[in-house]
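K.L.:
The structure follows.
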Amino acid sequence: MIAFEQVTKCYASGQEALSEVSFSIKTGEMAFVTGHSGAGKSTLLKLMMLIERPTKGHILINDVAVDGFSHRQIPLLRRKFGIVHQNHQLLSDRSVFDNVALPLIIAGFAPRDVGRRVRAALDKVNLLSKEKQLPEMLSGGEQQRVGIARAVVNKPAFLIADEPTGNLDPELSTQIMQIFQDFNDVGVTVLVATHDLALLARMPHRSLTLREGKLIGSGLPSSSMHHSSAQPHDADQPFVQVDI
Amino acid sequence: MKPSVQAQSDTAQSGFMAWRQHHRSVAIESLVRLAKHPLSSFVTMLVLAIAITLPSSLNLVVRNLSHLLGPESSTLQMSLYLSANVTASEAQQLASQLQSWPEINQAVYVSPSEAKQMFEQREGFEGLIDSLPTNPLPGLITLSVKSATLSAEQADNIERKAIQLNGVASVKMDLQWFQKISAIVVLLNQLATGLAILLATGVMLVVGNTIKLAIDSRREEIIVIKLIGATNAFIRRPFLYLGLWLGLGAALLAVLLSKISEYALTYAVSSLIDAYGANVTLLTLGLNDGLLLLAGGASLGLAGAWLAANHHIRSLEPQ
Ligand SMILES: Nc1ncnc2c1ncn2[C@@H]1O[C@H](COP(=O)(O)OP(=O)(O)O)[C@@H](O)[C@H]1O
Ligand SMILES: [Mg+2]
């Protein structure tokens, strides 16, 4: 569960990026954050991971107010999130395998578990054959999939993506969105920021629409049929095929 | 929240093993990073090694000085001049009385005629006393004092006690040499300590600067792993190992440098000593000294790295 209560964010420059935003996303739900460039989408996602702190209001993750977390508490909070960036943020001097393994090494997994989980995550995004390559040897779509594999390898409760399809053509974008949908289907809470309205029109999920920092809508697209995500969240399910 | 609970129990099971494994791989990785730039790593270590060698060599010089010239090997000499009316047997008695003092090594009575003989052996004084009607030289007692742990103040005390003895006219003490040597040794010791503090600070600054450069060159990586939940301790670890290796490597080089200059010095000094026919051995850098240098170098490297890494890693935050 992610909830914003009357959250306002003013940057040091005086720019008010979010004003009094309140919403709540249930565990197991998938939702979009939309709005024009500069509307405050990235700010909203950064606040959840305490990359920025709210100026006013509270942010609850699983009913815990995290906005007052100390520096020491931040790393553990961030490990609950898998994050996918527009520019994928892969380390260029490490292989695909090593990039995907990072969250596991940070969390202190034993080496044999690391190998098993990394291959399961790479298999999930169809990149098992590229594990030894460097990121720059891959296409843009493949790099983004490596980013997704890294985001999900630690089986996070939340998958957060900021313009994950921003640099990709429509066909690849649809592919990437389908991968997010697959994770949501097995119970991961997914939140995707995008200004690609055509893409989300085809998906039956709620969108939080921002304009100049204000939340102006949080409804379902008109054509939607309700998507069922009521089944309980099972941690091991994403990698069930590989784990056996 | 099930996934993270799952992850935590997984972590707990093999937590310590994984932690140790991680330390080992980070330690090796840091060493490999050093080896990737052998020349600059070597130059840095050499600079650090020189900074470590200087005070440790000076300390060795001081130890040698006090060993060779200090109170342990030289004895403090005192001459007690006796009044003219003291007979030879009274003087002998006085000498054996002095001999029983705990501070006194040896007390020897020199009769006026023996004194005259000694005096006449000096160049240019032959026959001088014979030309006088009577022998003007008084009898005297020469004392050598156990001066291994003697301070100038204690030496003064002995002098004061001796002059109060019956039959002693005056006391002459050869304190100057003794005082000069101890003053020089004390001064050099202070110099070595001051230099050690100064250069230890220098070592930490040099290591800190190297760590800062290493952090700068990996800033993107640090920001990315902070974003995915790395703790500061995790991020700091490779840089602490880097500092440790630098300090340890520098200390090894310092031991090597000290040994080389020691051989050169021993060679030079031994020809000097041979010329004087003295039987002297120099104190050299021992096993304990070497281990102390290694431990000191490693801790300085670690401390410098810790200070720099703490400072610079905290300032790198994802935007
Ligand atoms: N670090 C920052 N400092 C100052 N202003 C910022 C900062 N980040 C974003 N902003 C401003 O806040 C507003 C919202 O930005 P952002 O959240 O990035 O929007 P979006 O992701 O929807 O394009 C913009 O006007 C932007 O200029
Ligand atoms: Mg943005």
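K.L.:
Test of understanding: among B:Leu82, B:Leu34, B:Leu48, which residue is open to solvent by less than 50 Å² (accessible area, probe 1.4 Å) and touching a strand residue (DSSP E or B) at 6+ places or on another chain (Cβ under 8 Å)? Explain how you work it out, then say what you get.
P.N.:
Working: B:Leu34 fails: touching a strand residue (DSSP E or B) at 6+ places or on another chain (Cβ under 8 Å); B:Leu48 fails: touching a strand residue (DSSP E or B) at 6+ places or on another chain (Cβ under 8 Å).
It is B:Leu82.
K.L.:
From the set of residues in the stretch A:153-172 that are modelled with pLDDT of 90 or more and in contact with a Leu (Cβ under 8 Å, 6 or more places away or on another chain), which is nearest to ligand 1 (Cβ to nearest atom)? Steps first, answer last, please.
P.N.:
To start, the set of residues in the stretch A:153-172 that are modelled with pLDDT of 90 or more comprises A:153-164.
Adding the requirement that they be in contact with a Leu (Cβ under 8 Å, 6 or more places away or on another chain) leaves A:153-154, A:158-162.
Working: A:Val153: 26, A:Asn154: 25, A:Phe158: 18, A:Leu159: 18, A:Ile160: 13, A:Ala161: 12, A:Asp162: 7 Å.
Here the residue is A:Asp162.
K.L.:
Another question, if that's okay. Of all residues in the stretch B:81-111, count the ones that are of a type outside the set (Asp, Glu), assigned to a loop (DSSP other than H, G, I, E, B) and touching a Leu at 6+ places or on another chain (Cβ under 8 Å). Steps first, please.
P.N.:
First pass over the stretch B:81-111, keeping only residues of a type outside the set (Asp, Glu): B:81-89, B:91-102, B:104-111.
Filter once more, so that each one left must be assigned to a loop (DSSP other than H, G, I, E, B): B:83-87, B:100-102, B:111.
Still in the running and touching a Leu at 6+ places or on another chain (Cβ under 8 Å): B:86.
Number of matching residues: 1.
Condition check ((1) touching a residue at least 40 places away in the same chain (Cβ under 8 Å); (2) surrounded by 13 or more Cβ atoms within 10 Å (Cβ to Cβ); (3) of a type outside the set (A, V, I, L, M, F, W, C)) across all residues:
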| residue | (1), (2), (3) |
| --- | --- |
| B:Gln154 | yes, yes, yes |
| B:Ala169 | yes, yes, no |
| B:Leu227 | yes, yes, no |
| B:Phe234 | no, yes, no |
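K.L.:
Right, another one. Taking the conditions exactly as written (open to solvent by 30 Å² or more (accessible area, probe 1.4 Å) and modelled with pLDDT under 90), does B:Ala268 satisfy them or not? Can you show your working first?
P.N.:
Working: open to solvent by 30 Å² or more (accessible area, probe 1.4 Å): yes; modelled with pLDDT under 90: yes.
Taking the combined requirement at face value, the residue satisfies it.
K.L.:
Does A:Ile83 satisfy the condition of being within 16 Å of ligand 1 (Cβ to nearest atom) and touching a helix residue (DSSP H, G or I) at 6+ places or on another chain (Cβ under 9 Å)?
P.N.:
yes
K.L.:
Additional query: Given (1) at pLDDT 95 or above; (2) over 17 Å from the mean Cα position of the chain (by Cα), where does A:Val188 come up short, assuming only one miss?
P.N.:
It is condition (2) that A:Val188 fails.
K.L.:
More than 7 Å from chain B (Cβ to nearest Cβ), in contact with a strand residue (DSSP E or B) (Cβ under 9 Å, 6 or more places away or on another chain), open to solvent by less than 40 Å² (accessible area, probe 1.4 Å) and in a helix (DSSP H, G or I): does that describe A:Leu60?
P.N.:
Details: more than 7 Å from chain B (Cβ to nearest Cβ): yes; in contact with a strand residue (DSSP E or B) (Cβ under 9 Å, 6 or more places away or on another chain): yes; open to solvent by less than 40 Å² (accessible area, probe 1.4 Å): yes; in a helix (DSSP H, G or I): no.
In short, no.
K.L.:
Which numbered condition trips up A:His195, out of (1) touching a residue at least 60 places away in the same chain (Cβ under 8 Å); (2) open to solvent by 10 Å² or more (accessible area, probe 1.4 Å); (3) farther than 19 Å from A:Val84 by Cα?
P.N.:
Exception for A:His195: condition (3).
K.L.:
Hey, another quick one. Tell me which residues, restricted to the stretch A:95-128, are touching a residue at least 40 places away in the same chain (Cβ under 8 Å), open to solvent by less than 50 Å² (accessible area, probe 1.4 Å) and either at the interface with chain B (Cβ under 9 Å from one of its Cβ atoms) or under 18 Å from the mean Cα position of the chain (by Cα) (or both). First the steps, then the outcome.
P.N.:
Step one: of the stretch A:95-128, the residues touching a residue at least 40 places away in the same chain (Cβ under 8 Å) are A:96, A:99-104, A:107, A:116-117, A:119-121, A:123-125.
Remaining after also requiring open to solvent by less than 50 Å² (accessible area, probe 1.4 Å): A:96, A:99-104, A:107, A:117, A:120-121, A:125.
Listed by number, the residues that qualify are A:Asn99, A:Val100, A:Ala101, A:Leu102, A:Pro103, A:Leu104, A:Ala107, A:Ala121, A:Val125.
K.L.:
Can you work out which of the residues in the stretch A:12-52 that are farther than 25 Å from A:Thr165 by Cβ and in contact (Cβ under 8 Å) with a residue 40 or more places away in the chain is nearest to ligand 1 (Cβ to nearest atom)?
P.N.:
Taking the stretch A:12-52 as the starting set, the residues that turn out to be farther than 25 Å from A:Thr165 by Cβ are A:12-16, A:19-20, A:22, A:24, A:50.
Within this subset, residues satisfying the condition of being in contact (Cβ under 8 Å) with a residue 40 or more places away in the chain are A:16, A:19-20, A:22.
Values: A:Glu16: 8, A:Ser19: 11, A:Glu20: 15, A:Ser22: 17 Å.
Per the stated criteria, the residue is A:Glu16.
K.L.:
Just one of A:Val152, A:Val186, A:Val146, A:Val192 is more than 18 Å from A:Lys130 (Cα to Cα), within 14 Å of another protein chain (Cβ to nearest Cβ) and either within 16 Å of ligand 2 (Cβ to nearest atom) or not basic (Lys, Arg) (or both); which is it?
P.N.:
On the way: A:Val152 fails: more than 18 Å from A:Lys130 (Cα to Cα); A:Val146 fails: more than 18 Å from A:Lys130 (Cα to Cα); A:Val192 fails: within 14 Å of another protein chain (Cβ to nearest Cβ).
So the residue among A:Val152, A:Val186, A:Val146, A:Val192 that is more than 18 Å from A:Lys130 (Cα to Cα), within 14 Å of another protein chain (Cβ to nearest Cβ) and either within 16 Å of ligand 2 (Cβ to nearest atom) or not basic (Lys, Arg) (or both) is A:Val186.
K.L.:
Could you tell me which of the residues B:Leu316, B:Leu272, B:Leu265, B:Leu293 is away from chain A (no Cβ under 14 Å) and either outside any helix (DSSP H, G or I) or within 26 Å of B:Leu205 (Cβ to Cβ) (or both)?
P.N.:
Working: B:Leu316 fails: away from chain A (no Cβ under 14 Å); B:Leu272 fails: either outside any helix (DSSP H, G or I) or within 26 Å of B:Leu205 (Cβ to Cβ) (or both); B:Leu265 fails: either outside any helix (DSSP H, G or I) or within 26 Å of B:Leu205 (Cβ to Cβ) (or both).
On inspection, the qualifying residue turns out to be B:Leu293.
K.L.:
Any chance you could count how many residues in the stretch A:16-57 are in contact with a strand residue (DSSP E or B) (Cβ under 7 Å, 6 or more places away or on another chain), at positive phi and either within 14 Å of chain B (Cβ to nearest Cβ) or near ligand 2 (Cβ under 10 Å from one of its atoms) (or both)?
P.N.:
Final tally of qualifying residues: 3.
K.L.:
Another question, if that's okay. Only one of these conditions is not met by A:Asp182: (1) part of a strand (DSSP E or B); (2) under 15 Å from the mean Cα position of the chain (by Cα). Which number is it?
P.N.:
Condition (1) is where A:Asp182 drops out.
The values are calculated or read from the model by the stated rules, or taken from the named source; none is laboratory data. Everything numeric here is computed off the predicted structure, so don't read it as measured data. Positions of Cβ are backbone-derived with ideal geometry, glycine not excepted, and every protein chain shown enters the neighbour counts. Keep in mind that these areas ignore ligands, DNA and RNA; they rest on the heavy atoms of the full protein, side chains included. Shrake-Rupley method; radii C 1.70, N 1.55, O 1.52, S 1.80 Å.
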